[in-house]
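Nothing in this text is a laboratory measurement; each read-out follows from the coordinates by a stated rule. Predicted model, so just to flag it, every value in this text is computed and none were measured. We place every Cβ from the backbone using ideal geometry, glycine too, and count neighbours over all the protein chains shown.
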Amino acid sequence: MEKTKFKRRMFAVAAIVGMGMTMTQIAFGKESFNAENGGLNYVLPADNGYYFLCGGHLYFWNGDVTKQAVPLCSRPNCSHTTEDCVAMIRDASRKMYEVDDGFYVLSTWPREDSRTGEKMMPIWRVEKDGSGKEIIAEIPEAGSVNYTIFQDKIYYTMEDAQEDGNYQFSIWQMSLDGKDNKQIWQSDLYSGYIDTLQGIGDWLYVSENGCEEIIDWTNEDNIDFEKLPMRTNLYLYQPQAEEWITNPDEYKKEDVLLSIQNIYQDEIYLTYYDSKAEIRKVWKKGFDLEDEAQFVGEFPRKAYKWDNLYGYTWPDRNNENENWFEIYDHNGTFVQKIDLYPYDDVDIVSADEKYAFVYWEQVQDNVSQDVIGVIERDKIATQEATLIQLTKGMNGNSFER
Ligand SMILES: [Zn+2]
């Protein structure tokens, strides 16, 4: 492993342990550090169904749990197993964005730039009708990939590694054709990571976790990670005005790690790694900080809301053989819990009025496969909701609606 990456991992794990998380939760850390956990971009709802990314393919599913999801590829007789398949994106990042009847997906499989020799990761555009795909832009390969598409611009982070082993992040803005590119922000923390990079409403939300001081990596064995001055910043960027709002002092507590977990209509769900989840209302200028945050639970990994119901995931809370999705009403009264065990790495990635979308990995014939399933919202009231695995139509099925 490259030394910088090793240091980063050590640092991130140590920081989280210092924040009071248990060892069992560290297994989930790699996802928790990632803005992709925002949960908005794995599944894109449409009038006639849902588009989603799973296991390196784009699929369309018509919203009927008895029907298969089909690869988003209209090539006749395509096996959907070779890279010329329209629906197939090698090492696809789990985010996808819709712009003008096309889906944009980052491939983390780097290609070498023939002129500069630099390793670049392509961003693909896949036509919504499954008729074709093309590379529209590239971003530099990074150990920690974070990108988003917001208001027809690509935003991505870059690591500025320094000789002393410390590094900082910067945020870059690029046009959708990849031609115009500029740095819009430079981190003031060291050796951390960008957690959230996500456009919501008029604002790009950026949360940054790291250390206030340069770390002496030459003395690595003696670093007391718990005593490092950690900080989490939340920034909001308004692209038209090129205006940044920095986080209020409230978020500068060194014992709090803030993460945006989910957005539902005008409410935003924030989790603190010191055990709390809160809801704050989103308004036009970002957070309404005058508004009392509503406390929704302790130790959730994810929080979701449907109407007056809230759902939380609780991975490995007391027992590594447990993984529940628990649902409560607005008053905190328990309604139903759904057993997600025995699947590993179960993650509820998105929810709308009808479904919560659930991802997990399943090992078959020694090959790990990404699987997607749903939980039906309207079955929760009668406690009949279960996890339903969606089946994928492959083997020559062409995309049709
Ligand atoms: Zn295909």
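Structure notes:
- Highest mean first, the peptides 70-83, 146-159, 205-218, 363-376 sorted by other C-beta atoms within 10 Å per residue fall in the order 146-159, 205-218, 70-83, 363-376.
- Inter-part distance where the stretch 91-141 and the stretch 346-362 are each reduced to a Cα centre, Å: 24 Å
- Net charge of neighbours whose Cβ lies under 12 Å from the Cβ of MET120, counting Lys and Arg as +1 and Asp and Glu as -1: -2
- Taking a sphere under 11 Å around the Cβ of ASP152 and counting the other residues whose Cβ falls inside, with K and R at +1 and D and E at -1, yields a net charge of -1.
- Surrounding net charge for TRP109, when Lys and Arg each add one and Asp and Glu each subtract one, Cβ distance under 13 Å: -2
- The packing ranking, built from the mean of other Cβ atoms within 10 Å per residue, places the peptides 181-188, 354-361, 52-59 in the order 52-59, 354-361, 181-188, highest first.
- Pair LYS67, GLU384: separation of 7 Å Cα→Cβ label points (nm): 2.1 nm
- Modelled spin-label separation between ASN48 and ASN366, with each label point placed 7 Å from Cα along the Cα-to-Cβ direction: 4.3 nm.
- Taken along the Cα-to-beta-carbon direction at a fixed 7 Å, the label points for LYS227 and ASP91 span 4.0 nm.
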